[in-house]
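First up is the structure itself, then whatever we jot down about it.
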Amino acid sequence: MSDPLGSGIRWRNWGRSAAAAPRHVARPTSVDEVVAVVRAAAERRLPVKAVGAGHSFTDIAATPGVLIQLDGLQGLVGVDVATKRVRVAAGTRLWRLGPLLAEHGLALQNMGDIDRQSIAGATSTGTHGTGIRFGGLATQITAATLVTGSGEVLRVSETERPDLLPAVRLGLGALGILVEVELQCVESFLLRSVDRPRPFDEVLDGWEGIVAAADHFEFYWWPHTDLAMTQTKSRLPIDTPYTPPNRVALWAERRLIENEALRAQQALGHLIPRAVPGLSRFATGIYGEGERTAVSYGIFASPRLVRFRESEYAIPFEALPQALRELRGLVDRNGWRISFPVEVRAAAPDDNWMSTAYRRPSAYIAVHRYYRDDPTAYFEAFDALMRTYDGRPHWGKMHFRAADDLRPAYPRFDDFLAVRAELDPERRFANRYLDRVLGP
């Protein structure tokens, strides 16, 4: 029998902010093969990590031991149209999931603005969308199957070890290798997206009312400008008459304007930092008003072809206007030239123990830098500012927090550690990142 662990390769993430040289890379195509990999790693006392698309900006999936690529676990495993619940293989990419669900008249209730991730990676790191009445992807999990540190297959659901569900839904890759999740879906629906620039202060002054009035609201603010590029998305019945976007015009908008123009802007700003403010003001003129309607998964996410690095924090919903104004002051005082926009969203509270929205309505501020620019000073200052607002960092995005100062931010932190001790007592799934944020 061949070695289930396979040979090693060098791995790095999409944002080029994390890399690893695992001793072995395994590519299982079944749950049994995942079990065999975990048991073989345990026999050799090697750490194990699973990776999907590598879209996390932290080294949460990095390991010097055994890296399990989940690409071989794809597609719908089961569909119950009556309950609108589906079972999905853990490696399934979100961009593939939307059309698969649509074939059964179903959709994810909410999605983020990037759909390249695997369903396991997205839920395990707390990926969210926007909409103050809607939770993140992990809130849609009703059951999960994972391989524990001992190589056992464990199913957690509303009737099978339900006490573990608030931990397993958003497990940071610390509790086991997810091989399947069951999702509570909704009926297919359309989204109408209305995009328009609005004055920065106008949006912040009306923040709570604007968000409450919309199904899904978000905005982008380019530092060095006074405009917010707002996106308001409204949910519509699937049978609502609409005119689909012109395919050529949509391609031109998404490829040429949203990505190639941005790529040129970032490359020029990297070479000539003093040009950044002018380039940002020019960019706000390019991204003007627009409206389009399509099936939900075609509107929620947009292509991201320009590489960047990102840090994101969740803070109390009502604190957003003051926090963002302080961030603007921080950029101005330090004389930084920040060429990537700041993204602002909102989400409903939930009960997942390690969720950034645990039991509080949350606003999200995400800062970015072009991947060729050094993000350290900007991200460290942003990190320090967000701590003053009782901020919780996105687990898949760059931050500088550690277990000692994360514990007070998560009331069920020690309960999560207790579940980890039960499911992975030998820390088979530990790595440097988890040692930092959960404790060694």
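Here are a few things to note about the model shown:
- Per-residue extension of 0.36 nm, minus the Cα-Cα distance of residue 186 and residue 239, leaves a gain of 17.6 nm for this segment.
- Near the amide H of residue 358, within less than 5 Å, lie the amide hydrogens of 350, all on another chain or at least 5 residues away, with H placed in the peptide plane.
- Distance from the range 67-81 to the range 299-365 (C-alpha centre basis), Å: 31
- Computed P(r) (all Cα pairs; the range 189-393; 10 Å bins; percent): 8, 32, 37, 19, 3, 0
- Residue-span extension gain [residue 400 to residue 417] - 0.36 nm each, minus C-alpha spacing: 4.1 nm
- Inter-part distance, the range 409-440 to the range 111-132, computed on C-alpha centroids, equals 22 Å.
- The residues 59, 404, 32, when put in order of fewest to most other Cβ atoms within 10 Å, stand as 404, 32, 59.
- Most fluctuating residue given options 141, 286, 177, as computed from a GNM of the chain linking Cα atoms under 10 Å: 286
- Taking the number of Cβ atoms within 10 Å of each Cβ as an exposure proxy, the fewest-first ranking of 81, 211, 186 is 81, 186, 211.
- Choice from 204, 271, 70 showing the highest fluctuation, given a GNM over the chain with Cα pairs closer than 10 Å: 271
- The spread of Cα positions in the range 107-194, taken along each principal axis and listed from longest to shortest, comes to 50, 25, 20 Å.
- Along the chain, longest interval not containing exposed GluC sites (Glu not before Pro), exposed being DSSP loop plus at most 14 other Cβ atoms within 10 Å: 290-425
- In a reduced charge model with +1 at each Lys and Arg Cβ and -1 at each Asp and Glu Cβ, the range 73-187 shows a dipole moment near 160 debye about its Cα centre.
- Here the spin labels are modelled as points 7 Å beyond Cα on the Cα-Cβ line, and at residue 12 and residue 103 they lie 3.7 nm apart.
- The alpha carbon gyration tensor of the range 367-440 gives principal lengths a ≥ b ≥ c with a/c of 1.5 or higher and a/b no greater than b/c, which makes the shape oblate.
- Computed over the chain with a Gaussian network model linking Cα atoms closer than 10 Å, the most mobile of 150, 355, 311 is 150.
- Computed label-point distance, nm, for sites residue 80 and residue 157 using a 7 Å Cα→Cβ extension: 0.6
- Point-charge dipole on Cβ atoms (K/R +1, D/E -1) for the range 15-58, about Cα centre, debye to 20: 220
- Centre separation in Å (Cα based) which lies between the range 154-177 and the range 188-220: 34
- Rounded to the nearest 20 debye, dipole of the range 189-393 from Cβ charges on Lys, Arg, Asp, Glu: 620
- Couplings 3J(HN,Hα) for the range 365-373, derived from phi with the Karplus relation 6.51 cos²θ - 1.76 cosθ + 1.60 (θ = phi - 60°), are 10, 10, 10, 9, 9, 3, 5, 8, 8 Hz, where x marks Gly and Pro.
- Dipole of the chain, positive end: most advanced residue of 228, 295, 24 [Cβ charges, Cα centre]: 24
Here, each number is a calculation from the coordinates, and none is a lab measurement. Predicted model only: the values in this text are computed from it and were never measured. When we count neighbours, we look across all protein chains shown, and the Cβ atoms used for this are built from the backbone with ideal geometry, even at glycine.
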